[in-house]
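Some notes on the structure that comes next.
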Amino acid sequence: MRLGALLASPLAWLVVAYVGSLAVLFVTAVWRVDAFTGEIVREFTLDNFRTLWETDVYRRITFRTVGLAAAVTITDAVLALPIAYYMARVASPRTRGILVVAILTPLWASYLVKVYAWRTILSGGGILNWALGPLGLDGPGYTTTGTWLVFTYLWLPFMILPIYAGLERIPSSLLEASSDLGSRGLGTFRRIVFPLAFPAIVAGSIFSFSLTLGDYITPQVVGNTNFIGNVVYTNVGVANNLPFAAAFATVPVLIMVVYLALAKRAGAFENL
Amino acid sequence: MSRILLRIATGATLAFIYFPLFVIALYAFNESVTQGWPISGYTTDWFGEAWRDENVRDALFLSEQCALAATAIALLLGTFAALAVARHRFFGRETISFLVILPIALPGIVTGMALNASYVRFGIDFGLLTIVIGHATFCIVVVYNNVVARLRRSSPSLEEASSDLGADSWQTFRYVTFPQLRTALLAGALLAFALSFDEVIVTTFTSGAEQTLPIWIFTNLARPQQLPIINVVAVVVILLSVIPVWIAQRLTREPTGVGGIAAAAAGARQ
């Protein structure tokens with residue numbers, strides 16, 4: 001079929017419905033809401049960004065969100081490495097296939113349902129407190145620790161799969177050479193496996209980092225603190241200040257642009 | 001020694017991944033309205049109760065409508081884009097792949113906000129249409145990825161032979177390209193359906209007063225007496241997204257690179 005005919009409709013859809021909307025979002029960010037009428041005033045102003053920069057609360061929320069995204073990403077990387085290594089280098093091809101499906105399938109199971117399941121698990125009379133009770137311990141409940149746990153859970157499969165793919169590409173000869181030269185398991189891991197797998201880990205981290213940055217539902221359902229997403233959501237709905245919400249929404253976009261640029265330098269894009 | 005440790009770690013990670021899904025499946029049969037553990041007794045009553053709930057049925061119906069419409073649009077646009085990128089060389093080809101992936105590469109809240117801002121700007125009323133526009137936009141990538149992967153594995157020489165033998169471009173598509181793409185299209189459609197059916201973040205910004213099934217769950221979370229019904233709906237939602245994905249995986253043996261993962265990213269956040 002002809003190129004023009006093929007390209008016309010998807011291009012028109014994406015440019016009009018998506019790029020156009022993004023443009024509207026960025027334009028809205030430099031408008032403001034009239035304090036008395038609540039109507040959007042379509043005049044250029046950087047007030048929203050000034051408020052973001054100068055208000056203590058918003059700065060704290062931004063740092064808190066980035067900090068949580070980083071914590072979730074690191075935890076996921078630590079949890080993902082052993083299982084990814086097992087899948088790529090130890091398991092038989094048959095087991096490997098089964099494991100890939102076993103990790104990929106729940107990744108598609110409803111995000112909201114998973115968050116809800118954790119809400120049930122973390123609740124006061126829930127299964128976690130029941131299990132920890134005899135040990136004299138308490139679960140994290142609905143706190144930032146709980147939010148961190150649930151985010152870690154949600155994005156773990158997104159971390160496992162790229163690391164698995166990255167580890168699978170390491171030639172066995174390198175590992176054999178390392179052990180021939182007298183390196184023990186841990187030495188080989190530190191000097192050979194980890195450096196070679198690093199771009200893949202960065203590739204996985206793009207998902208855990210980006211998804212945590214923009215999320216507002218998880219902190220609302222299993223947490224007790226506000227993150228960037230919560231402020232944006234409140235300003236669209238309850239506060240009805242679309243320009244300010246739009247301005248704050250550009251923050252995760254900017255952070256992701258920087259993050260993606262760094263990830264590209266680490267060679268992560270060849271591992272996606 | 002280290003192998004045993006790795007095996008234990010693998011088992012523990014899998015248990016961690018599946019644990020919440022099993023817990024919620026058990027709660028769907030919980031006799032009591034309170035969601036404590038251990039569960040005191042089991043019943044299947046809540047399934048009937050959920051089915052009789054008009055709001056749940058309406059939400060299920062709306063979710064199905066949205067998912068079907070978004071899938072149909074994504075199927076068409078995703079296939080066109082894939083054919084263009086995989087079978088032609090042109091200026092800006094990279095940009096097309098980038099454009100297709102962008103709606104799920106950016107945080108869901110950005111996509112949702114952007115659509116919301118432009119609906120408000122141009123005075124479009126919130127409803128089925130606005131939900132479908134959003135869903136279709138981020139579903140295109142799933143179809144696109146499946147079709148591109150299939151086209152890259154199949155040789156363009158078959159299509160060239162077909163046109164050398166005098167077939168017009170429609171005949172070539174109908175008798176040569178389409179049969180090769182059939183399972184990839186089906187897999188893409190199933191994934192797009194699952195993605196749309198689950199989506200919540202973008203939908204909260206584009207649905208107005210309408211309630212899809214995930215939105216229904218979200219708004220009812222704060223109502224304790226509704227929790228038994230939410231449990232049932234949760235199990236149904238898991239099954240309705242996991243079964244298509246599982247079938248799709250059987251249909252395609254293509255390695256799941258960023259396409260699968262990134263697409264799932266959308267499904268997950270949303």
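Only residues that are at pLDDT 80 or above, open to solvent by less than 40 Å² (accessible area, probe 1.4 Å) and in a loop (DSSP other than H, G, I, E, B) were counted across the range B:221-264, and they come to 1.
Residues considered: A:Val101, A:Val90, A:Val113. Of these, the only one that is within 27 Å of A:Phe158 (Cα to Cα), facing chain B (nearest Cβ under 8 Å), open to solvent by 40 Å² or more (accessible area, probe 1.4 Å) and modelled with pLDDT under 95 is A:Val101.
Within the range B:114-131, the set of residues being farther than 22 Å from B:Thr71 by Cα and surrounded by 24 or more Cβ atoms within 10 Å (Cβ to Cβ) comprises B:Ala117 only. For the range A:88-135, the tally of residues that are without any contact (Cβ under 8 Å) to a residue 24 or more places away in the chain and either part of a helix (DSSP H, G or I) or β-branched (Val, Ile, Thr) (or both) stands at 25. Would you say A:Val232 is surrounded by 20 or more Cβ atoms within 10 Å (Cβ to Cβ), assigned to a helix (DSSP H, G or I), within 12 Å of another protein chain (Cβ to nearest Cβ) and of a type outside the set (S, T, N, Q)? So A:Val232 passes the test. Could you tell me whether B:Arg7 is surrounded by fewer than 14 Cβ atoms within 10 Å (Cβ to Cβ), of a type outside the set (S, T, N, Q) and either within 27 Å of the chain's Cα centre (by Cα) or within 11 Å of chain A (Cβ to nearest Cβ) (or both)? In short, no. Only residues that are within 8 Å of chain A (Cβ to nearest Cβ), assigned to a helix (DSSP H, G or I) and more than 30 Å from A:Val251 (Cα to Cα): list them for the range B:79-128, please. Once the filter is applied, which keeps residues that are within 8 Å of chain A (Cβ to nearest Cβ), assigned to a helix (DSSP H, G or I) and more than 30 Å from A:Val251 (Cα to Cα), the range B:79-128 yields B:Phe80, B:Ala81, B:Leu83, B:Ala84.
Would you mind stating whether B:Ala167 is of a type in the set (A, V, I, L, M, F, W, C), more than 14 Å from chain A (Cβ to nearest Cβ), open to solvent by 20 Å² or more (accessible area, probe 1.4 Å) and out of contact with any Cys (no Cβ under 9 Å at 6 or more places or on another chain)? So B:Ala167 fails the test.
Among the residues of the range B:24-82, those that are among the β-branched types (Val, Ile, Thr) and open to solvent by less than 60 Å² (accessible area, probe 1.4 Å) comprise B:Ile24, B:Ile39, B:Thr43, B:Val56, B:Thr71, B:Ile73, B:Thr79. Here A:Asn226 meets each of (1) within 17 Å of the chain's Cα centre (by Cα); (2) assigned to a helix (DSSP H, G or I) with one exception, condition (2). Among residues of the range A:43-74 being touching a strand residue (DSSP E or B) at 6+ places or on another chain (Cβ under 9 Å) and open to solvent by 60 Å² or more (accessible area, probe 1.4 Å), the one that is farthest from A:Ile206 (Cα to Cα) is A:Glu43. As a summary of the residue check, A:Gly182 satisfies the conditions (1) of a type outside the set (Val, Ile, Thr); (2) surrounded by fewer than 21 Cβ atoms within 10 Å (Cβ to Cβ); (3) part of a helix (DSSP H, G or I) except for the one numbered (3). Number of residues in the range A:173-201 that are closer than 13 Å to A:Leu81 by Cβ and touching a residue at least 60 places away in the same chain (Cβ under 8 Å) equals 5.
The values are calculated or read from the model by the stated rules, or taken from the named source; none is laboratory data. All values derive from a computational prediction rather than experimental measurement. Methodologically, a virtual Cβ is constructed for each residue, glycine included, from the backbone with ideal geometry; neighbour enumeration extends over all protein chains shown. For accessibility, only protein heavy atoms count, side chains too; no ligands or nucleic acids. Shrake-Rupley method; radii C 1.70, N 1.55, O 1.52, S 1.80 Å.
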